[in-house]
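Reviewing the structure listed below.
The values are calculated or read from the model by the stated rules, or taken from the named source; none is laboratory data. Small disclaimer: the values here were computed from a predicted structure and weren't measured. Here the Cβ is made from the backbone with ideal geometry for all residues, glycine too, and neighbour counts use every protein chain on show. Heavy atoms of the whole protein, side chains included, go into the accessibility calculation; ligands, DNA and RNA do not. Shrake-Rupley method; radii C 1.70, N 1.55, O 1.52, S 1.80 Å.
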Amino acid sequence: MYELYGYPKDTRESLYAIFNKSVHPEDAQMMAGIIGELLSSKKEINGAVYRIILPGGRIRYIESHRSLKNQRAEE
């Protein structure tokens, strides 16, 4: 994920912090809603296409898929 977001693998900053500062401002509210629904178990599987702003200012589109329910069942 570090490389997708334009950071070296040995970056000391957390992925959460990088995500929060990189997500495009126009997509931030949408992503906060999706993440909140996943964490509260309102949705089992979700996918999203959103934009991030790379450290150099370029915009990159990210397609993300996540299933928290399956992960919890495995833990």
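Things to note:
- Helices (runs of 4 or more DSSP H) within region 3-75 that include 2 or more residues at pLDDT 95 or above: 15-22, 25-39
- Top-ranked residue of region 2-33 - restricted to ones that are open to solvent by 30 Å² or more (accessible area, probe 1.4 Å) and touching a residue at least 12 places away in the same chain (Cβ under 8 Å), ranked as nearest to VAL49 (Cα to Cα): MET30
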